[in-house]
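The structure appears below as structure tokens.
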Amino acid sequence: MEKNYKRVYNFNAGPAALPLTALQKAQAELLDFNGTGMSVMELSHRSQEYEAVHNRAIELLKELLAIPAGYEVLFLQGGASLQFAMVPLNFLTAGTKAGYVLTGVWSEKAYAEAQRLGEVFVAASAKAGNYCQIPALAEIQYNVETAYLHITSNNTIFGTAWQEFPDTEAVPLIADMSSDILSKPFDVSKFSLIYAGAQKNLGPAGVTVVIIRRDLLEKANKNIPTMLRYGIYGKNNSLYNTPPTFSIYMVKLMLEWVKEQGGAAALYQHNRQKAGLIYDVIDGSNGFYLGHAQPAARSLMNITFRLASEALEKKFLEAAQGHGFVGLAGHRSVGGCRASAYNAVPYESCQALREFMLSFYKEYA
């Protein structure tokens, strides 16, 4: 393909960068997918051609995450935000309480949504330190009667991540993994339910992946609206109604790319190298760049930092934009700067950001 486009250094927090090869494949297949004479967007979701795409995406996810037998992979809509309500609607029954570990804005939102639907409690919180770290496992308080324990594995706004997950034994462990799923290997069997909006590490916006243990699925509340029941999606292979077919197709392409890279283990090493380029500049800047997260809790996906003043941050962001960097402004709720180095962000982009940060430091320190 003749190169007639310009690619920026994309550090958007979501929707985020996608692999160039996946975009090119989608482009090549856009008008005629597999000889059908139609785009994937035009295929019936009941057709054999689409179902092959759908099932291949599920198969790849099971392979790449080493999902054990006894789990279902579902495709939903509504993003992680809808999951904040679906989880308690399905599993927070009358007379039970659910625990939430607060590690940032999104866990707060999940907790607030659950408060509207049942009894919940804060099992642990890092709010006192402005979410610069993750609570120690020993700090998490719950008991065997807890309906479930909810965590957010990676905190996009504050740049922290769980380095080790709790072992909750009989209590179902539920995780929002929207921003770090497939960025490193982990033991799926620790979890009863995992959900992830695709638009950071799995594909484009529009589809949410849910990985749910079948025994939990069978216990889900059946007296709620049809489209909010996990059981409906499980029983119908997520094809009860029209799913977001093009988004799922792009997830399949993204997963094929992940497999080509060597899977989650290979990406983990690559992500450590990418994030290390930027963290090294922060750590070596004598306080010119101020990292938010404590080193032991640092995220490889979202690198958050500030400069000495808002005026200097504005100058930094304006200069960065002029050099082809996109998405470096921190979340509107906290300000500062943030580089989101998800799986599909190339090493070269992180290297370029490193060089820009060093140059800016030399000019303004």
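Throughout, read-outs are computed from the coordinates displayed, never taken from laboratory work. Note that the coordinates shown come from a computational prediction; the quantities given were computed from them, not determined experimentally. Every residue, glycine as well, gets a Cβ built from its backbone with ideal geometry; the counts of neighbours run over all protein chains shown.
Observations, loosely collected:
- For Lys235, a cut-off of 22 angstrom between C-alpha atoms picks up these lysines, skipping any fewer than 8 places away in its own chain: Lys62, Lys219, Lys222, Lys252.
- Pairs of alpha carbons in segment 69-167 separated by more than 19 Å make up 44% of all such pairs.
- Over the C-alpha trace of the chain, radius of gyration and Dmax come out as 20.9, 63 angstrom.
- Among Ser125, Ser47, Ser183: highest mean-square fluctuation, GNM of the chain, C-alpha pairs under 10 Å: Ser47
- Here the extension length gained between Phe165 and Ala28 equals 45.2 nm, from 0.36 nm per residue of separation less the Cα-Cα distance.
- The Rg/Rh ratio of segment 285-365, with Rg taken over Cα atoms and Rh as the Kirkwood radius over Cα pairs, comes to 0.93.
- For a straight C-alpha distance cut-off of 18 angstrom, the aspartates and glutamates reachable from Lys315 (same-chain residues fewer than eight places away being disregarded) are Glu355, Glu363.
- Cβ-placed point charges (K, R +1; D, E -1), dipole of segment 263-364 about Cα centre in debye, nearest 20: 220 debye
- Check: the chain dipole with +1 on Lys, Arg Cβ and -1 on Asp, Glu Cβ, in debye: 380 debye
- Globularity index of segment 1-87, i.e. its alpha-carbon radius of gyration over 2.2 N^0.38 Å: 1.38
- The separation of segment 92-117 from segment 257-326, counted between C-alpha centres, amounts to 30 Å.
- Pairs spanning more than 22 Å between alpha-carbon atoms, out of Lys109/Lys314; Lys200/Lys274; Lys6/Lys362; Lys200/Lys362; Lys190/Lys274: Lys109/Lys314; Lys6/Lys362; Lys200/Lys362; Lys190/Lys274.
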